[in-house]
Amino acid sequence: MKVLVIGGGGREHALAWKLKQSEGVEQVFVAPGNAGTARDAQLTNLPVTDKVALREWVQANGIGLTVVGPEAPLAAGVVDEFRAHDLAIFGPTQKAAQLESSKAFSKAFMQRHGIPTAEYQAFTDPVLAHAYVDAKGAPIVVKADGLAAGKGVVVAMSLAEAHEAIDFMLVDNTLGVAHNEGGARVVIEEFLEGEEASFIVLCDGVNALPLATSQDHKRLLDADQGPNTGGMGAYSPAPVVTPAVHQRAMDEVILPTLRGMAADGIPYTGFLYAGLMITPGGRVKTLEFNCRMGDPETQPIMMRLKSNLAQVLLSATRAELDKVTLDWDPRVALGVVLAAAGYPLNPRKGDAITGLPTDAADAMVFHAGTTSGSGGSVEVAGGRVLCVTALADTVAAAQKKAYGVVDGIRFDGMQCRRDIGFRAV
């Protein structure tokens with residue numbers, strides 16, 4: 001079977017890397033891919049991004065399964081395009097992807113179906129948004145209602161930060177948000193105390209199959225300081241997701257979401273990522289939904305997965321996830337993101353990357369924002385550039401191994417946190 005992965009980031013590199021290991025898979029294409037997928041002899045980059053052109057290429061080349069990585073093609077309706085031609089594709093439809101592409105849709109859905117989440121209001125008028133923040137006080141959370149590549153959330157610890165975020169999102173659009181129909185809108189919600197975890201499942205419209213637990217590190221700097229980012233590192237498993245919390249997440253968030261989407265006439269298929277806030281008492285509240293695997297959570301999760309991913313995802317396209325079990329490596333996987341100078345607001349591109357090691361079974365460098373330069377060089381092409389991911393018996397051992405690799409890689413202005421996994425050590 002031939003497989004296509006749509007996307008060009010670290011998540012897609014990790015998915016393609018795992019798919020190529022699946023028995024029965026003869027070739028994996030990545031559209032458009034990056035310098036990391038280009039360097040892998042078992043992967044083939046495809047410089048196509050248009051959904052109709054992709055669909056036509058899949059038909060012409062006998063692709064048996066397509067897996068969608070990022071949110072933008074989902075919001076653009078790539079799954080609808082493929083399904084209209086009876087092609088096997090794993091991902092949510094355009095309407096279902098509103099769980100991520102519209103924070104206002106998502107919050108209203110959760111409220112309607114009794115899924116625990118933070119109190120909120122949505123605004124298109126900056127004056128009303130500013131007044132609401134003044135009435136509620138800080139800390140408070142301001143979210144852009146649209147796709148923002150993981151940067152559309154500001155956890156404002158002061159009123160000044162909250163007012164600045166409102167202007168960024170509603171007036172200036174400094175964050176480059178892809179606005180939904182009706183123009184710029186923000187969701188402002190209460191600040192929740194606790195520890196965050198990423199709870200990611202596979203969905204086939206009826207059944208949900210949980211992946212290994214993971215925890216992301218959103219802030220740019222050590223000790224969770226600095227601005228929010230798309231994610232500076234992650235590890236799996238996440239000790240904060242105890243068996244009791246896992247059960248609550250399934251019973252109170254995931255399964256009600258599947259039932260609610262079906263009841264609303266929008267059956268949900270694909271990856272579903274619930275960002276959870278876990279209180280000290282073990283309660284869960286939903287911070288957000290993403291309609292795809294997390295990045296950088298995908299990288300550690302794929303390092304630990306031992307099952308045949310292609311067959312698992314094919315089963316999901318046939319609504320047969322109830323017949324599937326997943327096999328996991330018991331070790332810890334930990335990924336450290338290396339980011340470009342100026343990230344997250346103004347990432348610099350074009351810097352040459354040196355010191356990239358050869359792939360190893362227990363240490364992989366997954367590429368995200370990279371491109372191939374002249375003479376076989378690799379250059380920075382995006383904000384989050386690489387994710388160095390290592391597998392070891394403990395969090396501390398995985399940290400040591402990952403940072404050992406990090407220390408050999410160089411590019412001008414490279415940023416990385418030195419404390420990924422600190423909550424679990």
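The values are calculated or read from the model by the stated rules, or taken from the named source; none is laboratory data. Note that the structure is a prediction, hence the values are computed from the model and not measured. Quick reminder, even Gly has a Cβ in these numbers, built from the backbone with ideal geometry, and neighbours come from all protein chains shown. These accessible areas exclude ligands, DNA and RNA; they are computed on the full protein's heavy atoms, side chains included. Shrake-Rupley method; radii C 1.70, N 1.55, O 1.52, S 1.80 Å.
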Relative to the compact-globule estimate 2.2 N^0.38 Å (N residues), the Cα gyration radius of the chain stands at a ratio of 0.93
Simple label model, 7 Å out from Cα along Cβ direction - A352 to D167, nm | 4.2
Taking r as the C-beta separation of K2 and A223 and R0 as 35 Å, the FRET efficiency to the nearest 0.05 is 0.15
Could you tell me which trypsin sites (Lys or Arg not before Pro) in region 339-425 are loop residues by DSSP with no more than 14 other beta carbons within 10 angstrom of their beta carbon?
-> R348, R418
Note the full-extension length gain between D251 and A360 as 0.36 nm times their separation in residues minus their Cα-Cα distance, in nm to one decimal.
-> 35.4 nm
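Counting each DSSP H run of 4 or more residues in the chain as -39500 (n - 2.57), what helix-only mean residue ellipticity at 222 nm follows after dividing by all residues, to the nearest 500 deg cm²/dmol?
-7000 deg cm²/dmol
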Counting pairs of alpha carbon atoms under 8 Å apart in space and at least six apart in sequence, what relative contact order in percent does region 297-425 give?
-> 30
With all protein chains present, how much of the accessible area of the chain (probe radius 1.4 Å) comes from carbon and sulfur, to the nearest whole percent?
-> 50
When ranked by the protection proxy of mean other Cβ atoms within 10 Å per residue, highest first, what sequence do the peptides 323-334, 206-217, 284-295 form?
-> 284-295, 206-217, 323-334
Surface accessible to a 1.4 Å probe, per residue, for the residues of the chain, Å² | 38
Label points 7 Å out from Cα along the Cβ direction at E26 and R259: separation in nm?
-> 4.5
What is the Cα centroid distance between region 189-248 and region 386-412, reported in whole angstrom?
-> 20
Report Y268's accessible area, 1.4 Å probe, all protein chains in place, as a number in Å² to the nearest 10.
-> 0
Could you order peptides 152-160, 297-305, 373-381 by the average number of other Cβ atoms within 10 Å of their residues, highest first?
-> 297-305, 152-160, 373-381
